[in-house]
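Novice: The structure that follows is given in the form of structure tokens.
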Amino acid sequence: MPKPKGKGGKNRRRGKGDGEESKRELEFKEDGQEYAQVVKMLGNGRCECFCFDGVTRLGHIRGKMRKKVWITAGDIILVAKRDFQDEKVDIVHKYTADEARNLKQYGELPENARINETAVDMAMGDDKDDDDDLGISFDDI
């Protein structure tokens, strides 16, 4: 058997996950950027994003964030619009729930923005009729 030359595997290289997040400065949008919420993950570093200007666009996770920042459905993100493609955006920053609440307090996010809700919650919240009717009539049986 070969002698071990290293000091451990990939978990050592990753570092210890103490779970201690440093307090970072809140990042506001600039010109050419927009706040958005992830509606659905599509795979291959892409997702469907609802921008708060009212348009749904295809979001692409930039390479610096890929495999380092995990983005899921319902997250509030900052996207950079493309000059040459209006239907595609690049994801620049992911906000934590606390940061998103602060953005909402500052008036950056609209009041109807839902923080900490998954795609299932967003889909369920769109139904305004509270009927439990499934379209099946048991009188016919």
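The values are calculated or read from the model by the stated rules, or taken from the named source; none is laboratory data. Computed from a predicted structure; not experimentally measured. Cβ coordinates were reconstructed from backbone atoms using ideal geometry, including for glycine residues, and neighbour counts include every protein chain displayed. Accessible surface is based on the protein model in full, side chains and every heavy atom, while ligands, DNA and RNA are left aside. Shrake-Rupley method; radii C 1.70, N 1.55, O 1.52, S 1.80 Å.
Novice: Go through the stretch 82-98 and count every residue that is under 16 Å from the mean Cα position of the chain (by Cα) and not aliphatic (A, V, I, L, M). Spell out the reasoning first.
Specialist: First, the residues of the stretch 82-98 that are under 16 Å from the mean Cα position of the chain (by Cα): 88-98.
Imposing the further condition that a residue be not aliphatic (A, V, I, L, M) reduces the set to 88, 90, 93-96, 98.
Of the residues in that region, 7 qualify.
Novice: Where residues in the stretch 112-131 are in a loop (DSSP other than H, G, I, E, B) and at pLDDT below 65, which of them is farthest from V38 (Cα to Cα)?
Specialist: Pass one, the stretch 112-131, residues in a loop (DSSP other than H, G, I, E, B): 112-118, 126-131.
Adding the requirement that they be at pLDDT below 65 leaves 117-118, 126-131.
Numbers: E117: 10, T118: 9, D126: 16, D127: 19, K128: 22, D129: 25, D130: 26, D131: 28 Å.
This residue is D131.
Novice: Moving to a separate point now. Could we say that L109 is open to solvent by less than 70 Å² (accessible area, probe 1.4 Å), farther than 18 Å from M41 by Cα, part of a loop (DSSP other than H, G, I, E, B) and in contact with a Leu (Cβ under 8 Å, 6 or more places away or on another chain) here? It would help to see each step written out before you state the result.
Specialist: Working: open to solvent by less than 70 Å² (accessible area, probe 1.4 Å): yes; farther than 18 Å from M41 by Cα: yes; part of a loop (DSSP other than H, G, I, E, B): yes; in contact with a Leu (Cβ under 8 Å, 6 or more places away or on another chain): yes.
Yes, satisfied.
Novice: For the stretch 81-93, enumerate the residues that are crowded, with 16+ Cβ neighbours inside 10 Å and of a type outside the set (D, E, K, R).
Specialist: Passing the criteria: V89, I91, V92, H93.
Novice: Which residues, taken from the stretch 25-79, are among the aliphatic types (A, V, I, L, M), surrounded by fewer than 16 Cβ atoms within 10 Å (Cβ to Cβ) and either out of contact with any strand residue (DSSP E or B) (no Cβ under 7 Å at 6 or more places or on another chain) or not in a strand (DSSP E or B) (or both)? Write out each step before concluding.
Specialist: Within the stretch 25-79, the first condition is being among the aliphatic types (A, V, I, L, M), and the residues that meet it are 26, 36, 38-39, 41-42, 55, 58, 61, 65, 69, 71, 73, 76-79.
Narrowing further to those that are surrounded by fewer than 16 Cβ atoms within 10 Å (Cβ to Cβ): 26, 42, 55, 58, 69.
Hits for the stretch 25-79 are L26, V55, V69.
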